[in-house]
Each structure stands twice: as structure tokens, then as C-alpha cells.
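What follows draws every value from the coordinates through simple rules; no lab data is involved. Just so it is clear, the structure is predicted and the values come from calculations on it, not from any experiment. Virtual Cβ from ideal backbone geometry, glycine too; neighbours counted across all protein chains shown.
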Amino acid sequence: MCKIIAIANQKGGVGKTTTTSNLGIGLAKQGKKVLLIDADAQGSLTASLGFTEPDSLEVTLATIMGNLINDGEVEPGEGILHHEEGIDLMPGNIELSGLEVSLVNVMSRETVLRSYIEIVRENYDYILIDCMPSLGMITINAFASADSILIPVQAAYLPVKGLQQLIKTVGKVKRQINPKLEIEGILLTMVDSRTNYAKDISAMLKEAYGSRVRIFANVIPISVRAAEISAEGVSIYKHDPKGKVASAYDSLTKEVITSARQGDSHFAPQSKEVSADGQ
Ligand code: ATP
Ligand code: MG
């Protein structure tokens, strides 16, 4: 069984990409077969794994999705890159922004990525999708493909408004396109233990969402060592194996594996949000 997790938050710079690569490599270290999908036109995940010029790659997610839109054949291994720490990567680059625009006129425009994942899923235990900081068509494609959504939230900012919008969008996709969709949990990132922000925000999140959405027990500390890894092309486990961020991502990995085993469900969209036309 392959579990598909989208890492999403339309707010920029909250740790989505860092979480995708380090959770992904963490899962590979636990013996899981993992594919990471870079669904961001910035190509940050691709670059941070050492493929430093995503825009010059011949085959990327945009090419593959383009082929599927045009009813072309896609082979399971096509365009997939391999990283030294044991994960596979479907890279992404700037061409995704062009694709995003052209998707608007495509039949089944929300489920093109899902069709791709159907082709590759039997080769993996986990597929993680690094979403871009927007709730546009590519992100909706990620939500339409996923079993669950993991939401990184930067501990220094009050996230309420954006989170409400995000959770509403997840609920809408669940009702209209992907009934199995759940929220994996909210992950606090870049936590500075010298301040009380994280505790305050954590308490606030628990009060607002705690009954419906899991707030991960593990938080990711802020560390210069973590900020360095995107330039190194390796994970935090390699760059700073004894550091607190490596240990936090390792614990998060185990928490995610445990919840997959238990088949936890963490999301009950409020039925009052559903109107007669299903909007
Ligand atoms: P975007 O919305 O642009 O895709 P993102 O949500 O993917 O951003 P990241 O790129 O993972 O966020 O992280 C934003 C910045 O914060 C990066 O420069 C990254 O190196 C840094 N960063 C991520 N996690 C940490 C951490 N735990 N400690 C310190 N810096 C971090
Ligand atoms: Mg990113």
C-alpha cells in the first residue's frame, strides 16, 4: 500500500520543502520506498536535493503532466531522478507555471497529477508532494491525489486566516473530488525555544482545531544548520546528524509511520459547510 501525503500551506517560506525532503529521506532511512514530487514552479525541492538547475532538466513534472493531458503514454520510471540518500524524485521547474495556466481549459483538470500517481504508486510505500505557496490548480491536483495533507506552520506568525482558507479548500476537495482526503496534521516549524511563540501558537491551534486536526507532538526547531542544507544537496541527517533538527525530523518520521499503521483519521469537515449544490 502506498500512502500519498501532500505538504502544503499557501503561505510562503514556512518549511514545506525542507519538511518534504527530510521527512522523505527519514522514511527512506526506515526502509520505505519513497518518491518525492516537486509540484512547485520554483523547483526548490529539486534544487535542494542537488539538481541545482531545475530549469534545464529535460523531463519534469510539467512534461509528464503535459503528456498525460495530450493522452500520451508515460512509463513508470520516466523522468525520475535518484538521490544518494535513497529516495526518488520527480523534479519540478518553471514550466509548471505555464502548465498551471493551460490546465484551466483541460478536461479532468483537477486529476492529471492523480493519473500520473496511478502509474507510479505501486513502486513506492510513500509519495510526498511538495506544494507551491498557492492554492492554484497544481495544488488542487496535489489535494486530489493525496491520502492526507501535512501542513507546516511557521511558529513565529499567527496563521489563523490562512489556515482557515486552507482547511476550507481541503474540505471542498474532499467533498467534490477526493472523499478519502484527510489532514495528516499541523507541524510547527522553525520553533525558537527561547521565545514563547510556539507554545502560544500551539495552544491557539489546539483550541481552534484540536478537536478535528492533529497538531504534531514533534515540533521542528529553528537552526542555522537546517537553513544550510538546501545549498548542500543533502538531508539534515547527513549535514548535521547529531543536531536537534535531525532528531526532530526523525521523530516526525516515526510519528507519520505510526499514524499510517493505525490508519488514523484526523479530519472531520463540518457538514454545515456543505450547501445544497455541494459548494
Ligand atoms: P516556499 O513557500 O517558498 O516553497 P517553503 O514553505 O517550502 O517555502 P522552505 O523553503 O522549506 O519553505 O524554508 C524556507 C526557508 O527557511 C529556507 O531558506 C530554509 O532553508 C529555511 N528553513 C527551513 N527550516 C528551517 C529550520 N528548521 N531552521 C532554520 N531555517 C529553516
Ligand atoms: Mg517550497
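Descriptive notes on the structure:
- 3J(HN,Hα) along region 164-172: 4, 4, 5, 5, 5, 5, 4, x, 5 Hz, from the Karplus curve 6.51 cos²θ - 1.76 cosθ + 1.60 with θ = phi - 60°, whole Hz, x for Gly and Pro.
- In order along region 32-41, phi translates into HN-Hα couplings of 8, 8, 10, 10, 9, 10, 8, 9, 10, 4 Hz, rounded to whole numbers, per the Karplus curve 6.51 cos²θ - 1.76 cosθ + 1.60 with θ = phi - 60° and x for Gly and Pro.
- Each residue, residue 106 and residue 157, gets one label point 7 Å from its Cα in the Cβ direction; the gap between the two is 2.9 nm.
- Least to most buried among 131, 2 (fewest other Cβ within 10 Å first): 2, 131
- Highest average first, the peptides 31-43, 71-83 ordered by how many other beta carbon atoms sit within 10 Å of their residues are 31-43, 71-83.
- Long-range amide H partners of residue 129 with built H, under 5 Å: 5, 6, 7, 37
- Among 110-120, 149-159, 17-27, 194-204, the peptide with the highest mean count of other Cβ atoms within 10 Å heads the list, and the full ranking is 17-27, 149-159, 110-120, 194-204.
- Listed residue pairs exceeding 25 Å between alpha carbons, taken from 11/206; 16/244; 33/206; 3/172: 33/206
- Database remark: amide H of residue 183 closer than 5 angstrom to the amide H of 149, 266, 267 (H placed geometrically; neighbours at sequence offset of 5 or more, or on other chains; Pro and chain starts carry no H).
- Backbone N within region 11-39 under 20 Å of label point (7 Å from residue 251 Cα along the Cβ vector): 15-16, 18-30
- Residues 170, 106, 224, arranged from fewest to most other Cβ atoms within 10 angstrom of their Cβ, appear as 224, 106, 170.
- Averaging over all projection directions, the Cα-based convex hull of region 61-213 occupies 10.8 nm² in the image plane.
- When 261, 225 are sorted by how many other C-beta atoms sit within 10 angstrom of their C-beta, beginning with the fewest, the order is 261, 225.
- Based on Cα contacts under 8 Å between residues 6+ apart, the chain shows a relative contact order of 25 percent.
- Charge-dipole axis of region 3-261 as Lys and Arg at +1 and Asp and Glu at -1 on Cβ define it, positive-most pick from 104, 80, 226: 226
- Stokes-Einstein diffusion of the chain at 20 °C, 1.002 mPa s viscosity, Kirkwood radius from Cα pairs, rounded to a whole number: 114 µm²/s.
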